[in-house]
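Mind having a look at this structure? Questions to follow.
The values are calculated or read from the model by the stated rules, or taken from the named source; none is laboratory data. Because the structure is predicted, anything quoted here is derived from the model rather than measured. We place every Cβ from the backbone using ideal geometry, glycine too, and count neighbours over all the protein chains shown. Keep in mind that these areas ignore ligands, DNA and RNA; they rest on the heavy atoms of the full protein, side chains included. Shrake-Rupley method; radii C 1.70, N 1.55, O 1.52, S 1.80 Å.
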Amino acid sequence: MRTPTFRHWRPATFVAAALVALAACGRPTRSSSASDAASRVYVAPGEKDEFYAFFSGGFSGQVSVYGLPSGRHFKTMKVFSQDPETGYGYSEQTRAMLNTSYGFVPWDDSHHPELSQTAGVPDGRWLFINGNNTPRIARMDLTSMETAEIIEIPHSAGNHASPFVTENTEYTVAATRFSVPTPQRDVPISSYRENFIGALTFVKVDSSSGRMAIAFQIRVPGYDYDLSSAGKGPSHGWVFFTSYNSEEANTLLEVNASQHDKDFVAAVNWKRAEACIAQGKGTKEPARYAHNTVGADHIARTEWGTSVTVITPATCPGLAYFLPTPKSPHGANVDPTGELIAAGGKLATVIPVFSFSKMLAAIEANAVDTVIHGIPVLKYESVLAGEVPEPGLGPLHTEYDGQGHAYTSMFVSSEVVKWDTKTFQVLDRIPAYYAIGHLMIPGGDSRKPWGKYLIALNKITKDRYLPTGPELTQSAQLIDITGERMQILLDFPTVGEPHYAQALPASLIQDRQLKVYDLAHNTDPWATRGEGEAGVTRRGNVVHVKMTAIRSHFMPDNIEGVQVGDSVYFHVTNVEQDWDVPHGFAVTGMNNSELLVMPGETRSIVWVPTKPGVFPFYCTDFCSALHQEMQGYIRVSARGSSVPLTANTTRR
Ligand code: RUQ
Ligand code: CUA
């Protein structure tokens, strides 16, 4: 870069510069040099990023892993969607992950990644994400970056306010976005008010294994429950859920659910729920839901839940309170101190900020307007810490930097607004391109934000990138929040619509990454631990091929005696024990997916040949200099043929 020297300065430039300096007087300036921004996101070749960031894949159903500040995409974690690139959701070992009470559901709409926390701080153990369409919560293991478990949430529809965790990951929560007849049954939609019910679900997380179990559901009025945030510190033991449609409309919600001046934030005391259940106030109700877990053998299996414990606010006083909240609230976000709860009313003109201590005092003083289905509605003024005046239009979500600042996304005016958590005054605002939804600061929803960067997760990109036909990329923006004024550093595309994201310092998990699966501990019943175990067997129309993969051959590599219409199971074990040496496997005409097999792992896939011939199979991952030689043939004969079943397992 050329530095301007003094002789380039003309009087006019000088005056202009002076004016800029004057205008900026008393107001911190935003540095705007592109090269300055570039140098702050530049991670030199071979260098590593400072943060891992986990972005929801939205309607892709997956989670993407990025590095910050570079915005480089490292991996897509397979969660709710079948992935033919790896065989996730196709292979025999992974198919069960996508079982639900609706059958096999190979897709979802994932919105909110949430890191597990210990003492209110992300601990790098697990990542949770919600399935919004078919209500589910998934748990990913952050040492393998693979999905370890998916639990279905019964009595729910649209699990949006999820899977936010309590301070020590005691619970991950779920809630019904669309109230539905509970239990599900055939009723007129016009009977909404009588038959449609909401459910807030608390899913217990085992502190050592991470295993989830539905602990209880709270039956609530038939509103739409939207987002949630757990208390911390003084407010530990509480979870705050936003709701809209307190009108209980069931048609044209954009008008009919915007009638009331205020909807509610539901403050739920889960310790109280535990106490009431311990006193026998819960009822067991039938419910069928899938619970899919990956076992120690690295195989997913489904267990079926048969009932849930249900509790109602009317039978458990002190369980839930409603905080009136202006105009169709969306996010409700507890600050790092645990005292403030900022709510975003999509149509509101202020950001209402509730005070937890005032809420307790209001409960104590019985400052109640009315009671709805056993839930006292506290007086708005009695629970209010303050209102952020004139923040912009369409406040949605708030994150915190841990230094007394809050940052709220403004959807309609498309900007991030920074405000002071003591004075509630707006300190700065910066445009987001365009229509920002969530925003995220690493640890920004925890007790210990790493308040260096903020990510704007935008709904629309319009003219920001090279156009790609009618479907444009989704996008995030990296904003530096270390100065008094925010500064945009980088735009980067994301996979699917990025709703929310989470991030933590790379140092928390980078050294704990699994490199290979231990072959000696591979207990898959179809594992082939050495080439001597490779071979083929037939049981009726089913052929099992036990196969090894190693640089640079399959064992066996020639198979004969398969017949049209057989179900041929290829059980491929990658017997490598070196990091970064997966092998792929695919047969000509494979009509489900390939397999991508990690070192030490066994994956199985079924292939049903439809015509006679000799068909090649090969390794799809360029694994060595002789990768192109990593191939074999399978001979398919007509049904009833007398060609004997054989496999070439010789080494020369
Ligand atoms: S949403 S843009 Cu979390 Cu699904 Cu707010
Ligand atoms: Cu194995 Cu290419």
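Is it the case that Val412 is in a strand (DSSP E or B), out of contact with any strand residue (DSSP E or B) (no Cβ under 6 Å at 6 or more places or on another chain), more than 16 Å from ligand 2 (Cβ to nearest atom) and open to solvent by 40 Å² or more (accessible area, probe 1.4 Å)? Before you say what the answer is, go through the steps one by one.
Working: in a strand (DSSP E or B): no; out of contact with any strand residue (DSSP E or B) (no Cβ under 6 Å at 6 or more places or on another chain): yes; more than 16 Å from ligand 2 (Cβ to nearest atom): yes; open to solvent by 40 Å² or more (accessible area, probe 1.4 Å): yes.
So Val412 does not fit the description; no.
(1) of a type in the set (A, V, I, L, M); (2) closer than 18 Å to Gly344 by Cβ; (3) crowded, with 16+ Cβ neighbours inside 10 Å: which one isn't true of Ala476, the others all being true?
(2)
Here's another thing I want to ask about it. Only residues that are in contact (Cβ under 8 Å) with a residue 60 or more places away in the chain and open to solvent by 10 Å² or more (accessible area, probe 1.4 Å): list them for region 366-396, please.
Ile372, His373, Gly374, Tyr380, Leu396, listed by residue number.
Is it the case that region 441-448 has a residue that's of a type in the set (A, V, I, L, M, F, W, C), in contact with a Leu (Cβ under 7 Å, 6 or more places away or on another chain) and assigned to a loop (DSSP other than H, G, I, E, B)?
In the first step, residues of region 441-448 are kept if they are of a type in the set (A, V, I, L, M, F, W, C); the result is 441.
Right, trim to in contact with a Leu (Cβ under 7 Å, 6 or more places away or on another chain) and you get 441.
Restricting the remaining residues to those that are assigned to a loop (DSSP other than H, G, I, E, B) gives 441.
There is at least one residue in region 441-448 that is of a type in the set (A, V, I, L, M, F, W, C), in contact with a Leu (Cβ under 7 Å, 6 or more places away or on another chain) and assigned to a loop (DSSP other than H, G, I, E, B).
Of the conditions (1) over 20 Å from the mean Cα position of the chain (by Cα); (2) at pLDDT 95 or above; (3) open to solvent by 10 Å² or more (accessible area, probe 1.4 Å), Pro449 fails just one. Which one is it?
(1)
Then there's this: Could you go through region 466-473 and let me know if any residue there is open to solvent by less than 10 Å² (accessible area, probe 1.4 Å) and touching a strand residue (DSSP E or B) at 6+ places or on another chain (Cβ under 9 Å).
No: zero hits.
Hey, another quick one. Which one of these is open to solvent by 20 Å² or more (accessible area, probe 1.4 Å) and outside the structural domain of Leu360 (by TED's automatic domain parsing): Gly443, Gly437, Gly402? Before the answer, list the steps.
Numbers: Gly443 fails: open to solvent by 20 Å² or more (accessible area, probe 1.4 Å); Gly437 fails: open to solvent by 20 Å² or more (accessible area, probe 1.4 Å).
Among Gly443, Gly437, Gly402, only Gly402 is open to solvent by 20 Å² or more (accessible area, probe 1.4 Å) and outside the structural domain of Leu360 (by TED's automatic domain parsing).
Could you pull out the residue among Gly600, Gly632 that is assigned to a strand (DSSP E or B), more than 16 Å from ligand 1 (Cβ to nearest atom), touching an Asp or Glu at 6+ places or on another chain (Cβ under 7 Å) and at pLDDT 95 or above? It would help to see each step written out before you state the result.
Working: Gly600 fails: assigned to a strand (DSSP E or B).
Sole residue among the options that is assigned to a strand (DSSP E or B), more than 16 Å from ligand 1 (Cβ to nearest atom), touching an Asp or Glu at 6+ places or on another chain (Cβ under 7 Å) and at pLDDT 95 or above: Gly632.
Here's a follow-up. Confirm whether Thr461 is open to solvent by less than 30 Å² (accessible area, probe 1.4 Å), within 16 Å of ligand 1 (Cβ to nearest atom), more than 20 Å from the chain's Cα centre (by Cα) and not basic (Lys, Arg).
Numbers: open to solvent by less than 30 Å² (accessible area, probe 1.4 Å): yes; within 16 Å of ligand 1 (Cβ to nearest atom): yes; more than 20 Å from the chain's Cα centre (by Cα): yes; not basic (Lys, Arg): yes.
It is true that Thr461 is open to solvent by less than 30 Å² (accessible area, probe 1.4 Å), within 16 Å of ligand 1 (Cβ to nearest atom), more than 20 Å from the chain's Cα centre (by Cα) and not basic (Lys, Arg).
Every residue, every condition in (1) open to solvent by 10 Å² or more (accessible area, probe 1.4 Å); (2) in the same structural domain as Ser243 (by TED's automatic domain parsing); (3) under 14 Å from the mean Cα position of the chain (by Cα), yes or no:
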residue: Asn130; (1), (2), (3): no, no, yes
residue: Pro135; (1), (2), (3): no, no, yes
residue: Arg139; (1), (2), (3): yes, no, yes
residue: Thr143; (1), (2), (3): yes, no, no
residue: Ala148; (1), (2), (3): yes, no, yes
residue: Ile153; (1), (2), (3): no, no, no
residue: Ala157; (1), (2), (3): yes, no, no
residue: Pro163; (1), (2), (3): no, no, yes
residue: Thr166; (1), (2), (3): no, no, no
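Got a sec? Which of Pro467, Pro498 is at pLDDT below 95 and away from ligand 2 (no atom under 16 Å from the Cβ)?
Working: Pro467 fails: at pLDDT below 95.
Testing whether each residue is at pLDDT below 95 and away from ligand 2 (no atom under 16 Å from the Cβ) leaves just Pro498.
Name the single residue that is least open to solvent (accessible area, probe 1.4 Å) among those in region 211-250 being at positive phi and either small (Gly, Ala, Ser) or within 22 Å of the chain's Cα centre (by Cα) (or both). Working first, answer last.
Looking only at region 211-250, we keep the residues that are at positive phi, and these are 233, 237, 245, 248.
So of that shortlist, the ones also either small (Gly, Ala, Ser) or within 22 Å of the chain's Cα centre (by Cα) (or both) come out as 233, 237.
Values: Gly233: 24, Gly237: 2 Å².
Within region 211-250, the match that is least open to solvent (accessible area, probe 1.4 Å) is Gly237.
When residues of region 539-595 are filtered for being assigned to a strand (DSSP E or B), open to solvent by 20 Å² or more (accessible area, probe 1.4 Å), within 16 Å of ligand 2 (Cβ to nearest atom) and closer than 13 Å to Phe617 by Cα, how many remain?
Within region 539-595, residues that are assigned to a strand (DSSP E or B), open to solvent by 20 Å² or more (accessible area, probe 1.4 Å), within 16 Å of ligand 2 (Cβ to nearest atom) and closer than 13 Å to Phe617 by Cα number 1.
So, one more: Tell me, yes or no, whether region 516-537 has at least one residue that is crowded, with 16+ Cβ neighbours inside 10 Å and assigned to a strand (DSSP E or B).
yes
Looking at Tyr52, Tyr66, which one is surrounded by 24 or more Cβ atoms within 10 Å (Cβ to Cβ), within 16 Å of Pro498 (Cβ to Cβ) and out of contact with any Lys or Arg (no Cβ under 9 Å at 6 or more places or on another chain)?
Values: Tyr66 fails: out of contact with any Lys or Arg (no Cβ under 9 Å at 6 or more places or on another chain).
So the residue among Tyr52, Tyr66 that is surrounded by 24 or more Cβ atoms within 10 Å (Cβ to Cβ), within 16 Å of Pro498 (Cβ to Cβ) and out of contact with any Lys or Arg (no Cβ under 9 Å at 6 or more places or on another chain) is Tyr52.
Same structure, new question: Restricting the search to region 596-626, which residues are more than 12 Å from ligand 2 (Cβ to nearest atom) and without any contact (Cβ under 8 Å) to a residue 60 or more places away in the chain?
Trp607, Val608, Pro609, Thr610, Lys611, Pro612, Gly613, Val614, Phe615, Pro616
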